[in-house]
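Written out below as structure tokens is the structure these notes cover.
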Amino acid sequence: MDAGIGEKRRSDWRIWAARGLIFAVSAWNLQVAYVFFRAPQHFVAGFELSGVAGEAAVRGMGILFAMWNVPYLVALWNPRRHRLSLYEAMTMQFIGLAGETYLLAQLGTGHALLRTSVLRFIAFDGAGLAFLLVALWLVFDKKALR
């Protein structure tokens with residue numbers, strides 16, 4: 001077997017594995033966007049909101065989740081060629097994780113339901129960041145460092 005073909009197969013496997021990880025994070029984001037937009041009444045209490053204004057705020061977060069997903073989808077298309085989009089997605093995940101951690105620290109002792117919601121987002125963004133870091137590792141071209 002030609003060495004180039006074996007190397008290409010390993011490379012293809014790494015790209016598809018990276019795509020799988022990016023797809024998982026993207027699907028989570030789009031699922032949140034969908035449910036926040038379609039059924040905000042189920043989530044307003046978790047943010048200590050209520051009524052029409054609370055539903056509008058949750059729907060707005062759903063729209064933001066969909067918007068934020070653009071670089072994830074670009075990276076998903078070809079994570080090696082569109083590595084900049086993968087870096088952008090990772091940066092967004094990190095900002096979310098850091099911001100939510102700061103937000104949690106500012107809540108103090110009360111607000112148990114809100115704390116639970118923020119902890120979910122911390123877990124969500126932490127897992128997403130880990131997935132994206134592994135995806136980057138999979139597509140990183142070690143030859144470029146030589």
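Numbers for the structure displayed
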item: Subset of region 87-114 (residues that are without any contact (Cβ under 8 Å) to a residue 12 or more places away in the chain and under 18 Å from Phe65 (Cα atoms)); result: Thr91, Ile95, Ala98, Gly99
item: Which listed residue, of Gly60, Gly96, is small (Gly, Ala, Ser), buried (at least 17 other Cβ atoms within 10 Å of the Cβ) and in a helix (DSSP H, G or I); result: Gly96
item: Among the candidates Leu49, Leu30, residue that is of a type in the set (A, V, I, L, M) and assigned to a loop (DSSP other than H, G, I, E, B); result: Leu49
item: Any chance Ala17 is without any contact (Cβ under 8 Å) to a residue 40 or more places away in the chain, aliphatic (A, V, I, L, M) and part of a helix (DSSP H, G or I); result: no
item: Whichever residue in region 124-146 is in a helix (DSSP H, G or I) and of a type in the set (Lys, Arg) and, among such residues, is modelled with the highest pLDDT; result: Lys142
item: In region 33-46, the residues that are free of Cβ contacts under 8 Å to residues at least 12 places away in the same chain and not in a helix (DSSP H, G or I); result: Ala39
item: Conditions (1) surrounded by 13 or more Cβ atoms within 10 Å (Cβ to Cβ); (2) among the hydrophobic types (A, V, I, L, M, F, W, C); (3) more than 16 Å from Trp28 (Cα to Cα): number failed by Ala112; result: (1)
item: Some residue of region 66-74 being in contact (Cβ under 8 Å) with a residue 40 or more places away in the chain, under 30 Å from Trp13 (Cα atoms), buried (at least 16 other Cβ atoms within 10 Å of the Cβ) and among the polar types (S, T, N, Q); result: yes
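The values are calculated or read from the model by the stated rules, or taken from the named source; none is laboratory data. A quick note: this is a predicted structure, and the numbers were derived from the prediction, not measured. Virtual Cβ from ideal backbone geometry, glycine too; neighbours counted across all protein chains shown.
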